[in-house]
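Just below is one structure, and these are the notes that go with it.
The values are calculated or read from the model by the stated rules, or taken from the named source; none is laboratory data. Every value quoted in this text rests on a predicted model; they were computed, and no experiment measured them. We place every Cβ from the backbone using ideal geometry, glycine too, and count neighbours over all the protein chains shown.
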Amino acid sequence: MKRKARRIFVCLIAGLLTSLDVVLAQQGDARVAQEAARVLQQRCLGCHNQPGAPQQRFLGSRAAMVQDGRVVPGRSEQSLLFQRMISGQRPMPPSGRLPESELSIIKRWIDAGAPDWRDAGPTQPLDYTKITLLGTLAGSASKGAYRVNAVAFSPDGATLLSGEADGIKLWDVPTARLKLHHRTPDGKWEALSVAFSSDNLLFAGSGTDASGAPWAGVWDARTGRLVRVIPVKSVVHSVSFLPNSDTLALTTQNDRAKPLIMLSSATEERYLDGLKDAARAVSCSPGGSLLAGASQSGTVTLWELRSDKEPRVLSLPGADLKDGVHAVAFSPDGKLLASGGGDGVVRLWDTERGEVKTKFTVERPAPVRAVAFSPDGTVVAGGSEDKVLLWDVKTGEVKRTITAGVKVKALAFSPNGRLLAIGGDSDDGKGVVVWGFK
Ligand code: HEC
């Protein structure tokens, strides 16, 4: 029996390895962009991402490199970035020329037009009806009740982060290998939420320790080192980085148990007021202008981060609000906000007008605990009980219903849209479930 179980496990992992590899190999531009991102991350960002030297951070973002002309898309020989890598006199890195294989990755990437690794999507639109189970990442060895509370991909698609019953895990996406596992020796350090910064350099998490005390922190994604402990006074259920910044938004409370959103950066802590009651979820829009907080009583608060305007409180007229809102997610263009309701309804809000534009209802009424937009913005996924539904944003048609094998609590699309990671509660130690689109 035991041997059989092990064999199944090995098959699953092997299956996951080949399928993920195949998926990645099919990606052309996306692949070279991700390889280039990895070379820059491993070879350059150690110096070009020193705290206190933000001008040195240019290598973290393709947009910044192109904007200031260090990368000329299509012309590696004219790109300062590549010139310095092959320069005899002033090579980058200063310790000497990189192996030819890595130089050729950067050259190929620039000559291919320097596709962005963040949104390097497939050239053909994906067919969201065609989805297959790729495999399950190892959860708990004990095969008992287990929880995956949160999942997030790094913006370059190279890493998957999961917040689990026994801590935070970082997975290498192409190989499905566990790269890092942060936990306490007793394994009682539970991660409830996780997030990646938009430059791939930091990740954050929150949760509870063995005594049930809340914790929240920020880590360096390359070294796995803890770089910031965030002093929180209540359990943080959700975290979200503001784009192009090290500022993390967290759901928390002040000394007098007043619910607030904390904005924590390396240099300051600020608070946003305007929540009706305890927030369960927080999310920043991809452009960084809006922040949404979802509450237990069913309201969604929207802050405009670049203005002093009072936040807007979106309410749900006529809805059964007993179980509030569990999850929120912005569409890639920031024009829509999806909310997952305790009433089994996914609502798409027009973020400008603050009105519900469309509603999608799950088949059996049960709370929708996770929502996510596909990176092309055409599909919204909602997780309720053991099902994940994929709705067409325009037509409302259900493209696909997935039986997840866990009680779904977390959903994340990979940045190129080809993978869907699902986290949830299971009876048999299941970790993150990964599905792949054609
Ligand atoms: C050991 C630290 C270190 C590493 C590693 C490093 N750099 Fe640099 N880099 C510097 C310093 C210091 C400067 C500024 C002085 C200079 O131009 O030589 C610089 C300057 C540059 C410049 C010129 C910036 C400008 O606009 O003037 C480019 C381009 C550059 N680096 C690219 C890279 C690339 C690409 C890599 C990785 C393959 C890399 N660097 C790795 C330290 C480093």
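At a glance:
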| item | result |
| --- | --- |
| Among (1) in contact (Cβ under 8 Å) with a residue 40 or more places away in the chain; (2) more than 16 Å from the ligand (Cβ to nearest atom) - the single one residue 117 does not satisfy | (2) |
| Condition check for residue 263: within 22 Å of residue 308 (Cβ to Cβ) and touching a strand residue (DSSP E or B) at 6+ places or on another chain (Cβ under 6 Å) | yes |
| Members of the stretch 143-201 found to be over 15 Å from residue 409 (Cα atoms), β-branched (Val, Ile, Thr), part of a strand (DSSP E or B) and free of Cβ contacts under 8 Å to residues at least 60 places away in the same chain, listed by number | 168 |
| Cross-chain or 6+ apart pairs with Cβ under 9 Å, the stretch 345-368 first and more than 14 Å from residue 300 (Cβ to Cβ), then among the hydroxyl-bearing types (Ser, Thr, Tyr) | 362/384; 363/384; 363/401; 364/384; 365/384; 366/384; 367/384 |
| Selection status of residue 117, more than 25 Å from residue 405 (Cβ to Cβ) and assigned to a loop (DSSP other than H, G, I, E, B) | yes |
| Any hit, the stretch 301-309, residues being within 21 Å of residue 128 (Cβ to Cβ) and of a type outside the set (Phe, Trp, Tyr) | no |
| Hey, residue 157 within 25 Å of residue 377 (Cα to Cα) and either more than 16 Å from the ligand (Cβ to nearest atom) or surrounded by 18 or more Cβ atoms within 10 Å (Cβ to Cβ) (or both) or not | yes |
| Residue count for the stretch 77-103, restricted to those that are modelled with pLDDT of 90 or more and more than 12 Å from the ligand (Cβ to nearest atom) | 2 |
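Listed here are the residues, each with its yes/no results for (1) part of a loop (DSSP other than H, G, I, E, B); (2) under 18 Å from the mean Cα position of the chain (by Cα); (3) exposed (fewer than 15 other Cβ atoms within 10 Å of the Cβ).
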residue: 216; (1), (2), (3): no, yes, no
residue: 231; (1), (2), (3): yes, no, yes
residue: 240; (1), (2), (3): no, yes, no
residue: 266; (1), (2), (3): yes, no, yes
residue: 282; (1), (2), (3): no, yes, no
residue: 286; (1), (2), (3): yes, yes, no
residue: 309; (1), (2), (3): yes, no, yes
